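Colleague: The structure's right below; bear with me while I get my questions together.
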Amino acid sequence: MRVETLTVGLGDRSYTIRGGSGILGGIGAVCRELGLGRLAAVVTNTTVGPLYYGPVAESLAEAGFSPFRVEIPDGEEFKNSATLNAIYDLLIAGGLTRDSFIVALGGGVVGDMAGFAAATYLRGIPFVQVPTTLLAQVDSSVGGKTGINHPRGKNLIGAFYQPQAVIIDVETLSTLPEREYLAGMSEVVKYGVVLDRELFGEVERSVAPLLARDRSVLTRIIMGCCAIKASVVEKDEREAGLRAVLNYGHTLGHAVETLAGYGTFLHGEAVAIGMVQAAKLAEHRGEATAADTERLRALLASLKLPVELPVFAAQEYREVLLRDKKARDAGLSFILNKGIGDFSIVRLQDLSEVLAVCGIGG
Ligand SMILES: NC(=O)c1ccc[n+]([C@@H]2O[C@H](COP(=O)([O-])OP(=O)(O)OC[C@H]3O[C@@H](n4cnc5c(N)ncnc54)[C@H](O)[C@@H]3O)[C@@H](O)[C@H]2O)c1
Ligand SMILES: [Zn+2]
């Protein structure tokens, strides 16, 4: 069992990310090393719990902890205050005190909610992220953004709150549905396009093993993504600037998600479409070449991700893109790739250029 490690350096909020295959059983030892308290609330959901609570609880118990299970329903629609309250109820019923801790075992929904519960319960108790989706392993479990949705918008309620450790067992990806897995690949590609040419090339060369979920290739690539995210977060923990680069492809991606109706496209699928449009804009502005755009499109397509912008009227795109007041007043800030592996940020005062470049007419 080879474990790769890297550190997210945030002063007294620093922590280690551990990645490998079959390392779930090592969680107890990691928590003991961290000196965490005896009681551990393992927050998971009704899909992930039956698969992975057992080995996690066993490892914790072997290391001298007393784990108990907090299970929430599965789905983004449950990422709300009602579920959060249900979590608090179970933490209180379980007798969780300030020297106890939470383990977030699941995808981004569980991680965001369990993290926010940890940030707020008794004004904050330690938590450990055990992400089990590709998206959570390369993105949501690292960086300390936690929260829940509000009826008026996604992730409107939350806190920056860093975990004590992140434990990434790529073996858990073996049970992930194909579509979820591939959607996570979209975020992997994103890191490459705007921040790391080497990683982009490595993903290009690894399409076959990635499609086969080869564990050693996955470990290397996932840890590469985590290293990139860590360095971005180290420079801009609270998203005052640089961290926005991670929203590459997300502006149009979110518009596509909204217009098509939530659930039609998975987040990563919409981001794949958004990235290709951002690349076209970069090409139009002379920041990238047609060959760069084609490289990106071809890679996403080989990972079976959608790349074509769905057809909606220009007016509909305008409305969703300019929905927030800041965008209407100050213009839309847009991340472009500079070739492959670098980025620039532009502010678009009006949307005609992007709509024309993306072929959105009418
Ligand atoms: N905090 C951040 O920085 C950040 C970043 C990006 C996204 N997010 C959030 O992450 C969420 C999306 O996360 P997600 O894509 O992981 O979705 P998810 O948590 O809903 O997981 C997707 C599906 O896979 C299932 N699943 C999880 N692990 C599994 C496994 N190993 N085997 C089988 N099934 C498994 C889940 O139960 C769920 O049905 C969104 O709420 C988004 O806002 C947060
Ligand atoms: Zn995303």
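The values are calculated or read from the model by the stated rules, or taken from the named source; none is laboratory data. A quick note: this is a predicted structure, and the numbers were derived from the prediction, not measured. Reconstructed Cβ throughout: ideal geometry from the backbone, glycine too, with neighbour counts over all protein chains shown. In case anyone asks, the SASA skips ligands and DNA or RNA and just uses the protein heavy atoms, side chains included. Shrake-Rupley method; radii C 1.70, N 1.55, O 1.52, S 1.80 Å.
Colleague: Taking the options Arg213, Arg220, name whichever one is at pLDDT 95 or above, away from ligand 2 (no atom under 12 Å from the Cβ) and on the phi > 0 side of the Ramachandran plot.
Modeller: None of the others qualify; the one that does is Arg213.
Colleague: Taking the range 4-19, which residues are touching a Leu at 6+ places or on another chain (Cβ under 8 Å) and either within 15 Å of Val232 (Cβ to Cβ) or free of Cβ contacts under 8 Å to residues at least 24 places away in the same chain (or both)?
Modeller: Ile17, the sole residue that qualifies.
Colleague: Suppose we filter Glu269, Glu237, Glu287 for residues that are out of contact with any helix residue (DSSP H, G or I) (no Cβ under 6 Å at 6 or more places or on another chain), farther than 21 Å from Glu353 by Cβ and not assigned by TED's automatic domain parsing to the domain that holds Pro163; which single one remains?
Modeller: Glu237
Colleague: Continuing with the same structure: Filter the range 171-210 down to the residues that are open to solvent by 20 Å² or more (accessible area, probe 1.4 Å) and hydrophobic (A, V, I, L, M, F, W, C), then identify the one that is nearest to ligand 2 (Cβ to nearest atom).
Modeller: If we take residues in the range 171-210 being open to solvent by 20 Å² or more (accessible area, probe 1.4 Å) and hydrophobic (A, V, I, L, M, F, W, C), then Leu195 is nearest to ligand 2 (Cβ to nearest atom).
Colleague: Where the second residue is open to solvent by 10 Å² or more (accessible area, probe 1.4 Å) and within 6 Å of ligand 1 (Cβ to nearest atom) and the first is free of Cβ contacts under 8 Å to residues at least 60 places away in the same chain and within 18 Å of Ile221 (Cα to Cα) and lies in the range 136-150, which pairs have Cβ atoms under 6 Å and are six or more apart or on separate chains?
Modeller: Partner pairs satisfying both residue conditions: Ala136/Gly107; Ala136/Gly108; Ser140/Gly108.
Colleague: How many residues does the range 85-99 contain that are part of a loop (DSSP other than H, G, I, E, B) and not aliphatic (A, V, I, L, M)?
Modeller: Here the count works out to 5.
Colleague: Quick one: how many residues across the range 86-109 are of a type in the set (Gly, Ala, Ser), open to solvent by 10 Å² or more (accessible area, probe 1.4 Å) and within 11 Å of ligand 1 (Cβ to nearest atom)?
Modeller: 2
Colleague: Also, quick follow-up: Looking at (1) open to solvent by less than 10 Å² (accessible area, probe 1.4 Å); (2) away from ligand 2 (no atom under 16 Å from the Cβ); (3) under 30 Å from Ala255 (Cβ atoms), can you tell me which one Gln137 breaks?
Modeller: Failing condition for Gln137: (2).
Colleague: Go through (1) under 18 Å from Pro67 (Cα atoms); (2) more than 13 Å from ligand 1 (Cβ to nearest atom); (3) among the aliphatic types (A, V, I, L, M) and name the single condition Ile17 misses.
Modeller: (1)
Colleague: Can you run down the residue pairs with Cβ atoms below 9 Å, 6 or more apart or on separate chains, where the first is in the range 28-48 and assigned by TED's automatic domain parsing to the domain that holds Ile87 and the partner is among the basic types (Lys, Arg)?
Modeller: Going by the 9 Å Cβ cut-off, the qualifying pairs are Val30/Arg18; Gly37/Arg98; Ala41/Arg69; Val42/Arg69; Val43/Arg69; Thr44/Arg69.
Colleague: Sticking with this structure for a sec: Are there any pairs, at least 6 apart or on different chains, whose C-beta atoms fall under 7 Å, with the first in the range 61-74 and in the same structural domain as Arg38 (by TED's automatic domain parsing) and open to solvent by less than 50 Å² (accessible area, probe 1.4 Å) and the second modelled with pLDDT under 95 and assigned to a loop (DSSP other than H, G, I, E, B), and if so, which?
Modeller: none
Colleague: Filter the range 115-142 for residues that are in contact with a Lys or Arg (Cβ under 6 Å, 6 or more places away or on another chain) and not β-branched (Val, Ile, Thr) and give the result.
Modeller: Leu122
Colleague: Out of everything in the range 120-134 that is closer than 20 Å to Ala230 by Cα and more than 16 Å from ligand 2 (Cβ to nearest atom), what residue ends up being farthest from the chain's Cα centre (by Cα)?
Modeller: Top of the filtered list is Pro126.
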